[in-house]
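*Asks:* Structure in structure tokens, see below.
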Amino acid sequence: MDSLEIKGGNALRGEITISGAKNAALPLLAAALMTTDKLVLENVPRLADTLSMEGLLRHLGVAVTRDHETVTMSGGANSFDAPYDLVTKMRASVLVLGPLLARYGEARVSLPGGCAIGTRPVDLHIRAMQALGAVVELADGYIQARARKGLQGGRIMFPMVSVGGTENALMAAVLAKGESEIVNAAREPEITDLADCLNAMGAQISGHGTDTITVQGVDTLHAATHRVVADRIEAGTFAIAAVMTQGDLVLRGARDRHLDALLAVLRETGASIESQPGIIHIKSNGRPRAADITTDPFPGFPTDLQAQFMAMMCIADGSSHISETIFENRFMHVPELLRMGADIKVNGGTALVRGRASLTPAPVMATDLRASVSLVLAALATTGTSTVSRIYHLERGYSDLETKLGNCGAELCRIKA
Ligand code: UD1
């Protein structure tokens with residue numbers, strides 16, 4: 001397993017072009033199952049997770065080709081079975097459930113099981129399919145779902161906000177007969193991107209981006225070309241890196257309204273931020289001040305930026321309370337940050353971080369995608385050389401991370417296993 005040797009202490013300065021959003025690309029790729037016509041997706045980041053989803057689609061029978069960041073898919077599915085080995089590799093594989101069921105009336109999808117950041121059940125996905133008339137059984141570790149006469153429009157009420165649950169519900173409802181209403185829907189920009197693409201394919205969706213989405217079912221979808229929205233989590237990660245290294249970064253392609261919660265708190269810490277359409281310019285020249293955050297569904301502070309923000313609070317002036325409300329067990333980065341000299345006390349879902357003037361370099365180990373990148377940020381802000389091992393986690397979510405940071409003055413070197 002490769003590791004990353006990072007010589008920290010340099011301010012990051014320059015421009016970074018933000019890639020397409022992994023979390024938008026995954027459901028968009030799954031949407032190719034809903035038509036036999038051609039779906040062309042542009043700006044699909046080349047990441048372990050998107051490549052896994054492309055592999056799963058090929059396994060299901062879809063013709064998939066990739067030319068740099070453009071993925072072209074056609075032909076639909078000839079198998080309805082998403083097997084254990086592909087689904088455990090990437091939980092988001094469960095996003096094929098809604099499209100298969102809606103288009104073909106049947107799906108057999110392995111239950112994804114646990115993962116590093118908690119148990120992450122899929123009960124809400126299953127309940128959404130049942131609300132549209134599917135008969136669902138759990139057997140042998142698989143979700144087996146059928147709708148012999150097709151799905152029927154219905155009211156899907158989510159008891160808690162689920163991004164993936166909303167995406168599966170939305171894709172299923174698009175080809176169901178009649179009207180569906182998704183209540184307490186997730187409002188993440190990735191949901192809006194999915195709905196925009198489905199509408200371009202002929203779906204009739206309204207209300208996306210609010211907590212109530214209405215869908216008038218249609219019989220078929222047709223060809224479309226869609227550009228994946230920029231990755232707000234990647235942009236947010238680089239924004240935090242700029243503040244932590246007292247640097248000056250221009251983030252191209254980033255949309256400030258997708259990052260309101262983060263940018264507001266970064267301003268509180270003393271960063272100067274200017275934005276214009278498609279560009280966020282962030283700079284900082286001084287130690288950041290401490291600030292508190294609580295993770296929440298969009299438009300709240302994203303859980304996917306919590307680890308990175310905590311790394312920043314480790315070197316902030318003052319104490320910060322960080323509350324994680326979305327996932328249990330999403331403080332896996334804490335023991336590793338402690339190895340770098342951080343002062344963090346965790347009590348249930350809240351961490352108290354007392355900022356130190358600096359961290360000390362150390363060998364650390366990544367445990368999940370966002371935890372890994374928080375360790376990279378901590379290492380960049382530390383004078384001396386740190387090694388982050390198990391960086392394959394980073395490859396699941398950050399496209400060309402080493403090049404992008406290296407071009408802005410970071411000193412990183414990949415050590416091959
Ligand atoms: C997506 C993102 C992930 C992000 C998360 C929250 C993708 C591929 N992943 O994950 O990066 O951290 O949103 O913003 O887009 N839950 C249930 N039952 C379910 C589904 C979810 O109890 O059937 C719970 C989860 O355990 C969690 C909460 O709901 O506590 C939110 O999870 P959800 O929004 O569904 O996350 P994902 O879609 O898996």
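The values are calculated or read from the model by the stated rules, or taken from the named source; none is laboratory data. Here the structure is a predicted model, which means the values were calculated and not measured. Methodologically, a virtual Cβ is constructed for each residue, glycine included, from the backbone with ideal geometry; neighbour enumeration extends over all protein chains shown. Only protein heavy atoms, including side chains, enter the accessible area calculation; ligands, DNA and RNA are left aside. Shrake-Rupley method; radii C 1.70, N 1.55, O 1.52, S 1.80 Å.
*Asks:* Using a 1.4 Å probe on the protein heavy atoms, what percent of the accessible area of the chain belongs to carbon and sulfur?
*Replies:* Here it works out to 47 percent.
*Asks:* Measuring with a 1.4 Å probe in the full set of protein chains, what accessible area per residue, in whole Å², belongs to the chain?
*Replies:* Spelled out: the 1.4 Å probe surface of the chain, per residue, equals 38 Å².
*Asks:* Could you tell me the accessible area of Tyr104 in Å² (1.4 Å probe, neighbours in place), rounded to the nearest ten?
*Replies:* 60 Å²
*Asks:* Say each of Ser358 and Glu268 gets a label point 7 Å from the Cα, pointing the same way as Cα to Cβ; how far apart are those two points in nm?
*Replies:* 2.8 nm
*Asks:* Taking 0.36 nm per residue of separation and subtracting the Cα-Cα distance, what length does fully extending Glu106 through Asp2 add?
*Replies:* This chain segment gains 33.4 nm when fully extended.
*Asks:* Additional query: Suppose the chain between Asp211 and Arg414 were pulled fully straight at 0.36 nm per residue; how much longer would it get relative to their current alpha carbon spacing? Numbers along the way, then the final one.
*Replies:* On the way: separation 203, 0.36 × 203 = 73.08 nm, distance 4.33 nm.
Between Asp211 and Arg414, full extension yields an extra 68.8 nm.
*Asks:* Pull out the extension gain between Thr70 and Val183, defined as 0.36 nm times the separation in residues minus the alpha carbon to alpha carbon distance; nm, one decimal.
*Replies:* This chain segment gains 37.4 nm when fully extended.
*Asks:* Related question: How many nm is it between the label spots at Asp85 and Asn329, if each spot is 7 Å from the Cα in line with the beta carbon?
*Replies:* 2.5 nm
*Asks:* What accessible area, in Å² to the nearest ten, does a 1.4 Å probe give for His222?
*Replies:* 90 Å²
*Asks:* Still on this structure, please answer the following. Given H placed 1.01 Å from N in the peptide plane, which residues other than close sequence neighbours of Arg187 have an amide H under 5 Å from its amide H?
*Replies:* Close amide H contacts, sequence-distant or interchain: Phe298.
*Asks:* Over every pair of different alpha-carbon atoms in segment 278-417, take the mean of 1/r and invert it; report that Kirkwood radius in Å.
*Replies:* Details: mean 1/r = 0.0644 Å⁻¹.
By the Kirkwood definition, the hydrodynamic radius is 15.5 Å.
*Asks:* Binning at 20 Å from 0, report for the chain what percent of all alpha-carbon pair distances ends up in each bin.
*Replies:* It works out to 28, 55, 17, 0, in whole percents.
*Asks:* Compare Asn23, Asn285, Asn347 in a GNM of the chain, Cα atoms joined below 10 Å, and give the one with the largest fluctuation.
*Replies:* Ranking Asn23, Asn285, Asn347 by mean-square fluctuation puts Asn347 first.
*Asks:* Still on this structure, please answer the following. Can you give the FRET efficiency for Arg289 and Thr403, using 1/(1 + (r/R0)^6), R0 = 35 Å, r = Cβ-Cβ distance, to the nearest 0.05?
*Replies:* 0.65
*Asks:* Relative to the longest principal axis of the chain, what angle (0 to 90°, nearest 10) does the C-alpha long axis of helix 232-244 take?
*Replies:* 0 degrees
*Asks:* Once R0 is set to 25 Å, what does the formula 1/(1 + (r/R0)^6) return for the Cβ-Cβ distance between Asp260 and Ser319, expressed as a FRET efficiency to the nearest 0.05?
*Replies:* Details: r = 24 Å, r/R0 = 0.98.
Working from the Cβ atoms, E equals 0.55.
*Asks:* Nearest 5 is fine: what % of DSSP beta bridges in segment 308-417 come out antiparallel, could you say? Don't skip to the end; give the middle numbers.
*Replies:* Details: 10 of 13 bridges.
So the antiparallel bridges amount to about 75 percent of the total.
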